[in-house]
1. Does anyone have the angle between helix 2-65 and the longest principal axis of the chain? Alpha-carbon axes, 0 to 90°, nearest 10?
2. At a Förster distance of 35 Å, what's the computed FRET efficiency of L39 paired with F8, Cβ-Cβ distance as r, to 0.05?
3. Rg over Rh of the chain, using C-alpha atoms and the Kirkwood radius, what does it come to?
4. Pairs of lysines 8 or more apart, or on different chains, with alpha carbons under 25 Å: count those in the chain, would you?
Amino acid sequence: MKLVQSRFSQCSETSQMLKQLYEIKQQVVNSYIEEVAELQCKMVDLEQDNKKLHSYHASSFVLECIFNIKPG
């Protein structure tokens, strides 16, 4: 009987430890997911800025070549 209780106790402790490890790993995974979402938002903002810069460059080209206006 003591052997069964001892085994049950060990299994219970192991189960608790595994639950704690699972929770820790789940928190790490969640933080990675949040970080990826933040980086995606930053990437979208940078892409929009890049499109604006290309548009400004095209406008500058038009002013210089067609209207012979130099910026600055």
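1. Approximately 0 degrees, to the nearest 10.
2. Working from the Cβ atoms, E equals 0.15.
3. Rg/Rh: 1.70.
4. Lysine pairs meeting both conditions in the chain amount to 4.
Only the coordinates and a few stated rules stand behind these numbers; no lab work does. Note that the structure is predicted; figures quoted are calculated from it, not measured. We place every Cβ from the backbone using ideal geometry, glycine too, and count neighbours over all the protein chains shown.
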